[in-house]
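*Asks:* My questions all concern the structure below.
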Amino acid sequence: MSALKVENVSKIFPAINRSHAVQALQDISLEVKTNEFVSILGHSGCGKTTLLNLIAGFEKPTSGRIECAGKEVKEPGAERAMVFQDYALFPWLTVRDNIAFGLNIKGIDSATINQKVDHFANLVGLGAFVESYPHQLSGGMRQRVSIARAFAVDPTVLLMDEPFAALDAQNRAMMQKEMIRILAEESKTVVLVTHSIEESINLSDVIIIMTRRPGRVKEVIRVPEPRRMVEDTPSYLEVRRKIRDLISDEHDLSDVS
């Protein structure tokens, strides 16, 4: 069953002042199955984040249609939750209140909210920090709060916009392992935007390679052993080589690791 469908979507940003109109996306079609982890990979400016914003309902497509949980996406909705690169936590709220924020908006009773907050705080390893404030946490811990908040509202699709890009290499690798562990406990449909080839291989069932602007789907790659690929083995190196070759065809590898 499909959790998300993108059908012939294009996006043109109109000219402002003396600038020219910009076509960010051209005729994008893709399908994400329930509990599938899909990464979108490509150069800076290829429209990855624009596509994610369209799926989230923050922007509207110039043409085409996006459908989530069987309904057309026309605005932001509870069936889609976003995890941002910069965490987007409320600094004046505790970890507990940040995780509970979306649940409060949905009008859930306080007993259920407390139960869910405790569950997801423990799931991301922050059960001992629920009364802390974001400024008291490391970058990796803050991103865990953001992930817990997104999982807590039980979205149909979890959208992640380069969520680990601001972390150092060690913490980024740790957060990838944590994400694998969390998904093993709480199945979820995920769409991830990333610049990292390795991250996409480590986390994904499917990797979508995009062309330079205007962004189009260049190729769809299915990972042979999702979340079980061992780095530097022949199968891992073959997938990485194929992805690098596809991106290399776009003439510049400088912004893709």
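What follows draws every value from the coordinates through simple rules; no lab data is involved. Not measured: the values here are computed from a predicted model. Cβ atoms come from the backbone with ideal geometry, glycine included; neighbour counts cover every protein chain shown.
*Asks:* So what does log10 I(q)/I(0) come out to for the stretch 45-166 at q = 0.10, 0.19, 0.21 Å⁻¹, using the Debye formula with one equal point on every Cα and no solvent?
*Replies:* Taking Cα atoms of the stretch 45-166 as identical point scatterers yields -0.33, -1.02, -1.16.
*Asks:* Another one. For the pairs LYS60/LYS177; LYS11/LYS177; LYS177/LYS218; LYS74/LYS177, note any where the Cα-Cα span goes beyond 32 Å.
*Replies:* Checking Cα-Cα distances, LYS60/LYS177; LYS11/LYS177; LYS74/LYS177 exceed 32 Å.
*Asks:* What is the fewest-to-most order of LYS11, LYS71 by other Cβ atoms lying within 10 Å of their Cβ?
*Replies:* With the sparsest Cβ surroundings first, the list reads LYS71, LYS11.
*Asks:* Continuing with the same structure: Can you work out ³J(HN,Hα) from phi for every residue in the stretch 191-202, in order, using Karplus 6.51 cos²θ - 1.76 cosθ + 1.60 and θ = phi - 60°, giving whole Hz and x for Gly and Pro?
*Replies:* 10, 10, 9, 8, 9, 8, 4, 4, 4, 5, 5, 5
*Asks:* State the extension gain, in nm to one decimal, for the chain segment bounded by GLN23 and ASP205, taking 0.36 nm per residue of separation less the distance between their alpha-carbons.
*Replies:* That works out to 62.6 nm of additional length.
*Asks:* Could I ask something else about it? If you average 1/r over all unlike Cα pairs in the stretch 188-249 and invert the result, what Kirkwood radius do you get in angstrom?
*Replies:* Value: 12.1 Å, from the Cα pair sum.
*Asks:* How compact and how long is the stretch 126-205, expressed as Rg and Dmax of its alpha-carbon atoms in Å?
*Replies:* Cα radius of gyration and Dmax of the stretch 126-205 are 12.6, 36 Å respectively.
*Asks:* At 25 °C and a viscosity of 0.890 mPa s, what translational diffusion coefficient does Stokes-Einstein give for the stretch 160-216, taking Rh as the Kirkwood radius over Cα pairs? Give it in µm²/s as a whole number.
*Replies:* 198
*Asks:* While we're on this one: Quick one: if you stick a label point 7 Å off each Cα along the C-beta vector at ARG228 and GLU59, how many nm between them?
*Replies:* Between ARG228 and GLU59, the simple spin-label model gives 3.8 nm.
*Asks:* Can you figure out the FRET efficiency of GLU72 with ALA111, using R₀ = 22 Å and their beta-carbon distance, to the nearest 0.05?
*Replies:* FRET efficiency, GLU72 to ALA111: 0.05.
*Asks:* Still on this structure, please answer the following. When the C-alpha atoms of the stretch 145-256 are aligned to their principal axes, what extent does each axis show, in angstrom, from largest down?
*Replies:* That works out to 41, 34, 26 Å along the principal axes.
*Asks:* Looking at the stretch 74-124, what % of the alpha carbon pairs are farther apart than 12 Å?
*Replies:* Across the stretch 74-124, Cα pairs with separations above 12 Å total 69 percent.
*Asks:* On to the next question. Taking only the alpha carbons of the stretch 1-110, what extent do you get along each of the three principal axes, in Å, biggest first?
*Replies:* Rounded to whole Å, the extents work out to 49, 40, 24 Å.
*Asks:* Same structure again: Helix 169-185 sits at what angle to the longest principal axis of the chain, using alpha carbons and giving 0 to 90 degrees rounded to 10?
*Replies:* Tilt of helix 169-185: around 70 degrees.
*Asks:* Could you state the per residue volume, in Å³, of the convex hull enclosing the Cα atoms of the chain?
*Replies:* 142
*Asks:* Please work out the Kirkwood hydrodynamic radius for the stretch 38-92, using every pair of different C-alpha atoms, and report it in angstroms with one decimal place.
*Replies:* About 12.8 Å for the stretch 38-92.
*Asks:* Helix 110-123: angle to the longest alpha-carbon principal axis of the chain, degrees 0 to 90, nearest 10?
*Replies:* Tilt relative to the chain: about 60 degrees.
*Asks:* Additional query: Please list, ordered by chain and number, the residues whose modelled amide H lies under 5 Å from the amide H of ILE40; skip anything fewer than 5 residues away on the same chain.
*Replies:* Placed amide hydrogens put LEU192, VAL193, THR194, ILE208 under 5 Å from ILE40.
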